[in-house]
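> Pasting a structure here, questions to come.
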Amino acid sequence: MTVTEQVADPSAAVVAFEVLGVPAPQGSKSAFIRGGKVRMVESASAIGRAKVRSWRAAVAEEARVHAATLDGPMDGPLHLAIEFRLPMPASRPKRMRTLGMAWHTTKPDLSKLIRATEDALTDAGLIRDDARICALRVSKLQVVGWTGARIRVARSVEGC
């Protein structure tokens, strides 16, 4: 399900949507020189890089849909809320699986999940620059059911 809200005042726009998939962390980058040019690649394995590309593409695809409804990228002080929903392992106790949700306290690192998602929002043109984000509310959960993320970006009328 996708939800987009816009207030009449463009400076107070709120965009909210869900992205299906498995969130992947974007780690550090490594640089190397090839053909006289500096190249940057994820430090992760080839499989890890593919997962990051897939997650960023899923976020960017959904964000582009919502960016098209705005009069340009969201700019100024922004508030970002993300709820990451990762698959609950079968090894969880039955009572926990019955609840359908629990805190995710193991890898992937929350800050690296945020990095990948913020970069995808910027690449999609939904936000001008991830440096504009001045308030962040993020959670990382294990769930039974759909995985991905709930994302909400709001322009701050009052500043941060």
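No lab work stands behind these numbers, since they all come straight from the coordinates. Keep in mind the model is a prediction, meaning the values are calculated, not measured. Cβ: placed from backbone, ideal geometry, glycine included. Neighbour counts: every protein chain shown.
> Can you tell which of Val138, Leu126, Val22 lies farthest toward the positive end of the dipole of the chain, using +1 and -1 charges on the Cβ of basic and acidic side chains (Lys, Arg; Asp, Glu)?
Projecting each Cα onto the dipole axis, the largest value belongs to Val22.
> Do you know the Lys pair count in the chain for C-alpha distances under 28 Å, with sequence separation 8 or more or different chains?
So the count works out to 14.
> Counting only C-alpha contacts under 8 Å and six or more residues apart, can you give the relative contact order of the chain as a whole percent?
So the answer I get is 38 percent.
> Right, another one. May I ask what percent, to the nearest 5, of DSSP beta bridges between residues of the chain are antiparallel?
Looking only at bridges with both residues in the chain, the antiparallel portion is about 70 percent.
> Looking at the square roots a ≥ b ≥ c of the eigenvalues of the Cα gyration tensor of the chain, which shape do they give, rounded for a/c under 1.5, prolate if a/b is larger than b/c, or oblate?
Oblate, because a/c is 1.5 or more while a/b does not exceed b/c.
> Could you please state, rounded to a whole Å, how far the C-alpha centre of segment 131-156 is from the C-alpha centre of segment 112-130?
Centre-to-centre (Cα) distance: 12 Å.
> Then there's this: Apply 1/(1 + (r/R0)^6) to the Cβ-Cβ distance of Lys94 and Val22, taking R0 = 30 Å, and write down the FRET efficiency to the nearest 0.05.
Values: r = 23 Å, r/R0 = 0.77.
Efficiency, rounded to the nearest 0.05: 0.80.
> Using only Cα atoms, figure out Rg for segment 80-160 and give it as a multiple of 2.2 N^0.38 Å.
1.27
> While we're on this one: Would you tally the net charge around Arg85, using a Cβ to Cβ cut-off of less than 13 Å, leaving Arg85 out, and scoring K and R as +1, D and E as -1? If you can, show how the numbers build up before the last one.
Details: positive: Lys140, Arg150; negative: Glu18, Glu83.
Result for the local shell: 0.
> Given charges of +1 on the Cβ of Lys and Arg and -1 on the Cβ of Asp and Glu, with all other atoms neutral, how large is the dipole of segment 3-155 about its Cα centre, in debye to the nearest 20?
Working: 24 positive and 15 negative charges, 195 e Å.
Here the size comes out at about 940 debye.
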